[in-house]
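S.K.: This is the structure I want to talk about, given as C-alpha cells.
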Amino acid sequence: MAQYFASLRDGMVAEIVTLPDDIAPADAFTPAFTETLIKCSADVQQGWVFKGKKLVAPAPPARTIEQALSELAAIRWQHEVAGCDVILLGRSAPVRVATDRESQGKIGNALLAVIADLWVDGTAWKMADGEFVELTAADARAMALTAQIHVAACFAHEADLAAAITHDPATDLTTGWPG
C-alpha cells in the first residue's frame, strides 16, 4: 500500500508525494519540506486548493468570449433544427414540421411552387414525426411562414445573446429560445 501527501505552497498543491506505508515523511525528506506536506487521498492533483481543513479541486476556468460564442452557435443550431409546430387547415392540433437544413430547403421549394401557382392541393408532405399529411397551397404557405419565423427567431436570439456575451462571457445561453 501507499500513502499520499500534498506539498502545499501558498495554499495550493504544488506536488504530490507517494510513500510506502512504512516510511514517514520525516524519514524521507528534509524538515522544511516535511512541514509543507499534508496527508491526502490518491485523487488529489497538483493545483488543488487547501480550504479550511480539506483539499478541493479548483474552480473551472471562466469561459472565454470565443468559447461562449462557439457554444452559442451550437445551441442555436440545435434549436433551429429541432422543428416547429404549425396549425394546418382542417386540423385542431398542431403538427410538427422538421426544420433541419434539408427540410428548410424543401419547405422553401414548396413555397416557390405555391407562389408560381404550381402547387397541387392534396400533395403529401412528411411531417417531423413521420406522418404524411395532405397539404393545400394555404397549408404549404403556413408551413413555410411558420418555419421561416422559427428559424429567424433562433438567429435573432443568437444575435441578442452574442451581444450579451461580449459584456459577460458567463451569460446564460439556455433560456429564451423559440420552441
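S.K.: Could you pull out every residue, at least 5 positions away or on a different chain, whose amide H is within less than 5 Å of the one on ASP85? Hs are placed 1.01 Å off N in the peptide plane, and Pro or chain starts have none.
M.R.: VAL97
S.K.: While we're on this one: What do you get for the angle between helix 65-80 and the principal long axis of the chain? Use alpha-carbon atoms, 0 to 90 degrees, nearest ten.
M.R.: With rounding to tens, the tilt is 40 degrees.
S.K.: Separate question: If you plug each phi of the range 15-24 into the Karplus form 6.51 cos²θ - 1.76 cosθ + 1.60 with θ = phi - 60°, what whole-Hz ³J(HN,Hα) values come out, in order, with x for Gly and Pro?
M.R.: The phi angles translate into 7, 10, 10, 10, 10, x, 4, 8, 10, 8 Hz.
S.K.: Quick check on the range 1-56: take the gyration tensor over C-alpha atoms, sort the square-rooted eigenvalues as a ≥ b ≥ c, and tell me if it's rounded (a/c under 1.5), prolate or oblate. Kindly include the intermediate steps, with their values, before the conclusion.
M.R.: Details: a/c = 2.21, a/b = 1.37, b/c = 1.61.
It comes out oblate by the Cα gyration axes.
S.K.: Under a 10 Å cutoff between Cα atoms, tell me which one of ALA74, ALA32, ALA152 has the largest fluctuation in the Gaussian network model of the chain.
M.R.: So, out of ALA74, ALA32, ALA152, the one fluctuating most is ALA32.
S.K.: Please give the helix 137-167 orientation as an angle from the longest Cα principal axis of the chain, in degrees from 0 to 90, rounded to the nearest 10.
M.R.: Taking Cα atoms only, the helix is inclined about 30 degrees.
S.K.: Looking at the square roots a ≥ b ≥ c of the eigenvalues of the Cα gyration tensor of the range 87-142, which shape do they give, rounded for a/c under 1.5, prolate if a/b is larger than b/c, or oblate?
M.R.: oblate
S.K.: Moving on. Helix 101-115 versus the longest principal axis of the chain: what is the Cα-based angle in degrees, 0 to 90, to the nearest 10?
M.R.: Once rounded, the angle reads 20 degrees.
S.K.: If amide hydrogens are placed 1.01 Å from N in the peptide plane, which non-local residues have theirs closer than 5 Å to the one on TRP48?
M.R.: VAL13
S.K.: Over its Cα atoms, what ratio of radius of gyration to 2.2 N^0.38 Å does the chain give?
M.R.: The value comes to 1.89.
S.K.: Moving to a separate point now. Which one, ASP117, ASP160, ASP43, has the greatest fluctuation when you compute a Gaussian network model over the chain with C-alpha springs under 10 angstrom?
M.R.: Looking only at ASP117, ASP160, ASP43, the biggest GNM fluctuation is shown by ASP43.
S.K.: Let me ask you something else. Springs between alpha-carbon atoms under 10 Å, Gaussian network over the chain: tell me which of ARG141, ARG101, ARG91 tops the mean-square fluctuations.
M.R.: Answer for the Gaussian network model of the chain: ARG91.
S.K.: Grab the DSSP H runs of the chain that are 4 residues or longer, score each as -39,500 (n - 2.57), total them, divide by all residues and round the 222 nm result to the nearest 500 deg cm²/dmol.
M.R.: It lands at -12500 deg cm²/dmol.
S.K.: Output wanted: per-residue J couplings in Hz (rounded whole) for the range 122-128, from phi through Karplus 6.51 cos²θ - 1.76 cosθ + 1.60, θ = phi - 60°, x for Gly and Pro.
M.R.: x, 4, 6, 10, 8, 7, 4
S.K.: Sticking with this one: For TRP119, which sequence-distant residues (separation of 5 or more, or a different chain) have an amide H within less than 5 Å of its own amide H, given hydrogens modelled in the peptide plane?
M.R.: For TRP119, whose amide H was placed from the backbone, the distant partners under 5 Å are VAL114.
The numbers here are math on the coordinates, done by the rules we state, and not lab data. Values in this document were obtained by computation on a predicted structure and should not be read as measured data.
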